[in-house]
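Below: the structure, in structure tokens.
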Amino acid sequence: MAADYFVCRLSAEILAAVGDRYSSAMNKTLRRLDSIHSKLVDTITPIEDSLFSRSPADEEWSIAEIVHHLYLVEERVIKELETELAKPPRSISFLRKFIPTSIVASRLLRVKAPKGVNPLNPPARAEIIANYAAVRLRLKELCSTHGGNRLKKVIFKHPFLGQIDGTATISFIGYHELRHYKQIREVIKKLERSSSPV
């Protein structure tokens with residue numbers, strides 16, 4: 001009887017430790033999301049309206065378009081994850097679990113945005129920022145509602161990375177945001193150079 005109790009107790013502790021480790025990985029991803037999001041918002045908040053919507057050059061996005069693109073991507077990801085979460089759990093192949101979503105943060109790789117997330121005609125600045133904040137809140141609520149274990153059993157089809165699970169998709173969002181945070185900083189430097197007197 002005491003041995004059975006000990007085995008059950010030990011099993012419960014092991015499961016709790018594994019669950020804690022997994023949830024701490026998800027928490028780490030969410031903390032990274034918050035950190036990047038805060039940096040980006042702190043960077044764009046003091047920018048004047050005229051610079052916010054000004055393109056630094058032909059065929060280059062303005063800050064308004066970049067932030068609108070981030071909103072569109074996150075909105076699309078949430079919809080696709082919700083669709084997948086409504087289906088029975090399924091897993092990606094073992095090797096696909098090792099796809100590094102961090103590669104998305106590199107500005108060395110140029111990728112053309114799919115048409116559905118191309119930031120055509122972004123709304124006014126206040127609406128862009130409000131939409132961006134609201135969609136992030138929805139993403140975090142989705143993570144909180146379903147948890148990391150359930151998100152691991154979801155397949156997301158990324159146009160560049162291929163099939164990744166739901167937790168990798170959340171990680172992708174953070175690295176995608178980091179990529180565009182770097183882009184915003186580049187745009188600000190270009191706009192400052194073009195607007196400073198010669």
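Does segment 136-151 include one or more residues that are more than 16 Å from H69 (Cα to Cα), touching a residue at least 12 places away in the same chain (Cβ under 8 Å) and of a type in the set (D, E)?
No, that holds for no residue.
So which residues in segment 132-156 are among the basic types (K, R), crowded, with 17+ Cβ neighbours inside 10 Å and more than 16 Å from S35 (Cα to Cα)?
Result: K152, K153.
Given the conditions (1) under 15 Å from E177 (Cα atoms); (2) surrounded by fewer than 16 Cβ atoms within 10 Å (Cβ to Cβ); (3) more than 14 Å from the chain's Cα centre (by Cα), and given that I129 satisfies all but one, which numbered condition is not satisfied?
Tallying (1) under 15 Å from E177 (Cα atoms); (2) surrounded by fewer than 16 Cβ atoms within 10 Å (Cβ to Cβ); (3) more than 14 Å from the chain's Cα centre (by Cα), I129 fails exactly one: (2).
Quick one: which of S38, S102, S53 is out of contact with any helix residue (DSSP H, G or I) (no Cβ under 6 Å at 6 or more places or on another chain) and hydroxyl-bearing (S, T, Y)?
So the residue among S38, S102, S53 that is out of contact with any helix residue (DSSP H, G or I) (no Cβ under 6 Å at 6 or more places or on another chain) and hydroxyl-bearing (S, T, Y) is S38.
Give me the residue from segment 158-198 that is within 25 Å of V67 (Cβ to Cβ) and not in a helix (DSSP H, G or I) and, out of that set, modelled with the lowest pLDDT.
S196
Restricted to segment 35-70, and to residues that are charged (D, E, K, R), more than 19 Å from Y175 (Cβ to Cβ) and touching a residue at least 12 places away in the same chain (Cβ under 8 Å), which residue is surrounded by the most Cβ atoms within 10 Å (Cβ to Cβ)?
Ranking the qualifying residues of segment 35-70, first place goes to E65.
So which of P159, P100 is surrounded by fewer than 14 Cβ atoms within 10 Å (Cβ to Cβ) and under 20 Å from K28 (Cα atoms)?
So the residue among P159, P100 that is surrounded by fewer than 14 Cβ atoms within 10 Å (Cβ to Cβ) and under 20 Å from K28 (Cα atoms) is P100.
Anything in segment 43-69 that is modelled with pLDDT of 95 or more and acidic (D, E)? List them, or say none.
Within segment 43-69, E65 is the sole residue that qualifies.
The values are calculated or read from the model by the stated rules, or taken from the named source; none is laboratory data. Treat the numbers as computed from the prediction; the structure is a model and nothing was measured. All Cβ positions, even for glycine, are placed from backbone atoms using ideal geometry, and neighbour counts span all protein chains on display.
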